[in-house]
Amino acid sequence: MIRVRFAPSPTGPLHIGGVRTCLYNYLFAKKNDGALLLRIEDTDQTRFVPGAEEYIIDAFKWLGITFDEGVHVGGSYEPYRQSDRIHIYKKYAEQLINKGWAYYAFDKPEELEAKRKEAEIEKKTFQYDMNTRKIMCNSLSLSAEETAKKLNGNYVVRFKYPENTEIYIHDLIRGAVTINSQQLDDKVLFKSDGFPTYHLANVVDDHLMEITHVIRGEEWLPSAPLHVMLYKAFEWEAPQFAHLPLLLKPDGNGKLSKRDGDRLGFPVFPLQWEDPATGELSSGYRESGYLPEAVNNFLALLGWNPGTEEEVMTIEMLTERFSLDKVSKSGAKFDLDKAKWFNHYYIQQKQNEEFVTVFAQQLAERNIYPGNDRIEKAIALVKERVYFTTDFWNQSAFLFQPPETYNPDVIKKRWKEEIPAQLMQISKILTSTYLFDKEKMHNKVMAFIAENQLNTGQIMNCLRLALVGDAKGPDLFEIIDFIGQEETINRIETAIMKIDNSKS
Ligand code: GLU
């Protein structure tokens, strides 16, 4: 059975690139009747951020990405949080030492720093590896007695790469990747405080949890040779690897970083995040008015395509079409217009009533409580112009309150001397209560314009200006019908007064 995992470190909010990694794992698992699990990799205690784990879980709940096993749902490979598995790793580090695949190292941080400085002077970089390990302080260079004595103090366990060996990785996306062990440093696997590093814990857990495919971001490709060698050292069957392409900035210049989002005008996190240390707020897709369907759809297409021209795909359709061989090797540029386009599309697909709650909230923030029927009616009027659910208020404020200002460009272009008198006549037409029916109003006003040979564009734009404050919005008679007779007449009179005053 196919088993994949998403294994984030709770070091802050989840980057949208991480969301995409998890989405691909989800699609792959679902497509192949496999299982997806959520494992929290929190062995680096110095980088632990409170709230990050809950954030990750909430984000996937919002997106509708479900896990078959994991820290929040349990499963038969429990526990799924590495800090709860800390007792497991030591014996594996010892196994590697006993097999000659690892060694104890006792170098103090200041000694390592000195080596680094020394190398820098010669314009080189110091690497703890097969060439330098002999001159460092470790169980390979010290006698057995000295080593035993030093084990009472601080130590780390380092991986011992075999000399001059070609390491071969078969990546499902990139094909064959090879690297010579000569180039690799003896990475730390375990520390005397009892904590494993990412590498050891990750490989041990992938093995114990019977992971068949490791699908993760390209930034982990440099770690893959070590992981492949660890499987070899343990004599375990390695999972298959697939390293996903990077998500790039919209201009294609470099990786989309955590800091880019609010700078470039779109979120890089699924949900809004408040940094617990600094209080700094970073925007999220949810709070910015995106629908989860849209986020899943545009993220899926950043690095993968179905091999057809198809673009709009629900999560079920994505699942059906997904395959790793259609994932591209090269980085995928974030495309804000496309993201917006998808969001607009999915908003139009939804029933109006589905937006009542979110819109009611925007109105309540302004102390406006029109009741659900009117809210739904307003949604029907403006939905087509809404790109984000946060737009409802901006697109429809004039349905609930008179304009506060009038667009000066429209005034200049359309508001001629004769307009006030003409609008007053229209106002009179609209006063005949029996006419308060969209169709009839429309016909009557049009008839008036024709009889008096007025300029339709001009008069209608001025009427719109009086009611909306601008040259925008849905059908004018729909607006009149929504705001009602009294309000319509009031707004016409107010506009005549205010605009004439502003002109004179
Ligand atoms: N804990 C790693 C991360 O934060 C997991 C990398 C992997 O999937 O192996 O992304």
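Would you list which lysines come within 18 Å of Lys30, measuring only between C-alpha atoms, while excluding same-chain residues fewer than 8 positions from it?
The qualifying lysines are Lys61, Lys326.
Mind checking the full-extension length gain between Leu172 and Lys117? Use 0.36 nm per residue of separation minus the Cα-Cα distance, one decimal, nm.
Working: separation 55, 0.36 × 55 = 19.80 nm, distance 3.97 nm.
Additional length available on full extension: 15.8 nm.
Near Lys333, which lysines are there with a Cα under 17 Å away, not counting those fewer than 8 places off in the same chain?
Lys249, Lys255, Lys258
What fraction of the DSSP beta bridges in the chain is antiparallel, stated in percent and rounded to the nearest 5?
Here the antiparallel bridges make up roughly 55 percent for the chain.
So how strong a dipole does segment 429-473 carry about its Cα centre when Lys and Arg Cβ are +1 and Asp and Glu Cβ are -1, to the nearest 20 debye?
Around 80 debye, computed over segment 429-473.
Counting other Cβ atoms within 10 Å, keep those with at most 13, restrict to DSSP loop, and tell me which trypsin sites (Lys or Arg not before Pro) in segment 67-174 are left.
Hits after loop and neighbour filter: Lys99, Lys123, Lys124.
Sequence gap at least 6, Cα distance under 8 Å: using those rules, report the relative contact order of segment 230-290 to the nearest whole percent.
Working: 59 pairs, mean separation 11.7, N = 61.
Worked out over segment 230-290, it gives 19 percent.
For Lys149 paired with Asp470, estimate the spin-label separation in nm (one decimal), with each label point 7 Å from Cα along the Cα-to-Cβ line.
8.0
If you bin the C-alpha pair distances of the chain every 10 Å from 0, what whole percents do you get?
Histogramming the chain at 10 Å steps yields 3, 15, 20, 18, 14, 10, 8, 6, 4, 1, 0, 0 percent.
At 7 Å along Cα-to-Cβ for each site, give me the label-to-label distance between Glu110 and Glu365 in nm.
5.5
Say R0 is 25 Å: what FRET efficiency, to the nearest 0.05, do Lys340 and Arg374 get from their beta-carbon distance?
With R0 = 25 Å, the Cβ-Cβ based efficiency is 0.35.
Which of Trp304, Trp62 has the fewest other C-beta atoms within 10 Å, and how do the rest follow up to the most?
Trp62, Trp304
Using a 10 Å cut-off around each Cβ, can you sort Asp470, Asp409, Asp186 from fewest to most neighbouring Cβ atoms? All intermediate terms of the calculation are to be shown ahead of the outcome.
Working: Asp470 16, Asp409 10, Asp186 24.
So the ranking, lowest neighbour count to highest, is Asp409, Asp470, Asp186.
What share of Cα pairs, in percent, lie more than 14 angstrom apart in segment 433-501?
Considering segment 433-501, 61 percent of its Cα-Cα pairs are separated by more than 14 Å.
Loop only by DSSP, 11 or fewer other Cβ within 10 Å of the Cβ. Give me the GluC sites (Glu not before Pro) in segment 194-248 that pass, ordered by residue number.
Those satisfying the criteria are Glu235, Glu237.
GluC sites (Glu not before Pro) within segment 107-202: which are DSSP loop residues with at most 15 other Cβ atoms inside 10 Å?
Filter output for segment 107-202: Glu122, Glu163.
How much mean residue ellipticity at 222 nm does the chain get from its helices, if each DSSP H run of length 4 or more adds -39500 (n - 2.57) and you divide by all residues, to the nearest 500 deg cm²/dmol?
Rounded to the nearest 500, the figure is -13500 deg cm²/dmol.
Can you list residues from other chains, or at least 5 along the same chain, whose modelled amide H is less than 5 Å from the amide H of Ile167?
Ile179, Asn180, Ser181
Can you give the three extents of the C-alpha atoms in segment 1-78 along their principal axes, from longest to shortest, in whole Å?
Between the extreme Cα coordinates on each principal axis of segment 1-78 lie 37, 26, 17 Å.
As a footprinting exposure proxy, order Tyr290, Tyr231 by other Cβ within 10 Å, with the fewest listed first.
So the residues, fewest neighbours to most, are Tyr231, Tyr290.
Below 8 Å between Cα atoms, with a sequence gap of 6+, how large is the relative contact order for the chain in percent? The partial results should precede the final answer.
Values: 733 pairs, mean separation 59.8, N = 504.
Value for the chain: 12 percent.
So how do 476-486, 44-54 stack up, highest first, on mean other-Cβ count within 10 Å?
Peptide ranking by packing, descending: 476-486, 44-54.
Let's test the formula: R0 of 60 Å, r as the Cβ-Cβ distance of Phe400 and Asn131. What FRET efficiency results, to the nearest 0.05?
0.20
Please give every one of the aspartates and glutamates within straight-line cross-link reach of Lys108, meaning a C-alpha to C-alpha distance under 20 Å, and leave out same-chain neighbours fewer than 8 residues apart.
Correct list for Lys108: Asp44, Glu118, Glu120, Asp129, Glu145, Glu146, Asp185, Asp186, Asp193.
A short reminder: the numbers here are calculations on the coordinates, not readings from a lab. In this text, all values refer to a predicted model and were calculated from it rather than measured experimentally. Virtual Cβ from ideal backbone geometry, glycine too; neighbours counted across all protein chains shown.
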